[in-house]
Amino acid sequence: MYRKIGLFFLSLWLFFLLTIVITIDVPLCFSKNCEFIEFSELLRRNVIPIICIICLLIGGYSYLDFTYKLKDATQIPFKIVKLENIDYEHLTFLTTYIVPLVCFNFIDSRYQIVLLILLVVIGIIYIRTDLFYANPTLALLNYRIYKIEGEFKEGIRNNIILITRSKLEINQRCDYIKLDNRIYYAKPKSV
């Protein structure tokens, strides 16, 4: 569960980055009469960017955990029987969630509360519906998404979602790590 939450933070990296750009308030002064405004005032002006930086760090930790965990696929390899590329899912998440959220009014505290509620609701939906694979940040990091039918040791499994950095083909054997009941990280089996 914590891995899914981390991948949710990772999926919103672009949102957090754009929010920092939109809301950061660091006074720049190039004249001789410049004075430092004090750390407390700087922190007060930049609460939202600081929260976004923390969220970026959570997403970064999640990515490192994800890539570290995936180095050692321990499951018995399976064979791809049927394959469908569903990379468009990355774009769907981006256009449905991230772009509209960036257009929020970040100044008014009521809008900030609404944004927080929306992010929590989207996160709950994202985790409960197992949409963590539709992660635009993973797309930027060169991951692909496939829906497959696979021949496993126990028999054929349908509607399996694979996250991979490789281009996969039918009849290819893959090592994998189960991320969820039907979502796996896969890499082609080394010959």
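Every number here is computed from the coordinates shown, using simple stated rules; none is lab data. Not measured: the values here are computed from a predicted model. Backbone-built Cβ (ideal geometry, glycine too); neighbour counts: all protein chains shown.
Once you have all Cα-Cα distances for the chain, histogram them in 10 Å bins from zero and send the whole-percent values. Binned Cα distances yield the sequence 8, 31, 27, 17, 10, 5, 2, 0. Applying a 4.7 Å cutoff between beta carbons, the unpaired cysteines of the chain are CYS52, CYS55, CYS103, CYS174. The calculated 222 nm mean residue ellipticity attributable to helices in the chain amounts to -13500 deg cm²/dmol, summing -39500 (n - 2.57) over DSSP H runs of n ≥ 4 and dividing by all residues. Applying the Karplus relation 6.51 cos²θ - 1.76 cosθ + 1.60 with θ = phi - 60° to the range 4-9 yields 3J(HN,Hα) values of 5, 5, x, 5, 5, 4 Hz, where x marks Gly and Pro. Across the chain, the relative contact order, built from alpha-carbon pairs under 8 Å that are at least six residues apart, equals 27 percent. Note on LYS187: aspartates and glutamates with a C-alpha under 14 Å away, same-chain residues under 8 apart excluded, are ASP72, GLU169, ASP175.
Here the 3J(HN,Hα) profile of the range 106-119, calculated from phi with Karplus coefficients 6.51, -1.76 and 1.60 at θ = phi - 60°, is 8, 8, 6, 5, 5, 5, 5, 5, 4, 4, 4, 4, 4, 5 Hz, Gly and Pro shown as x.
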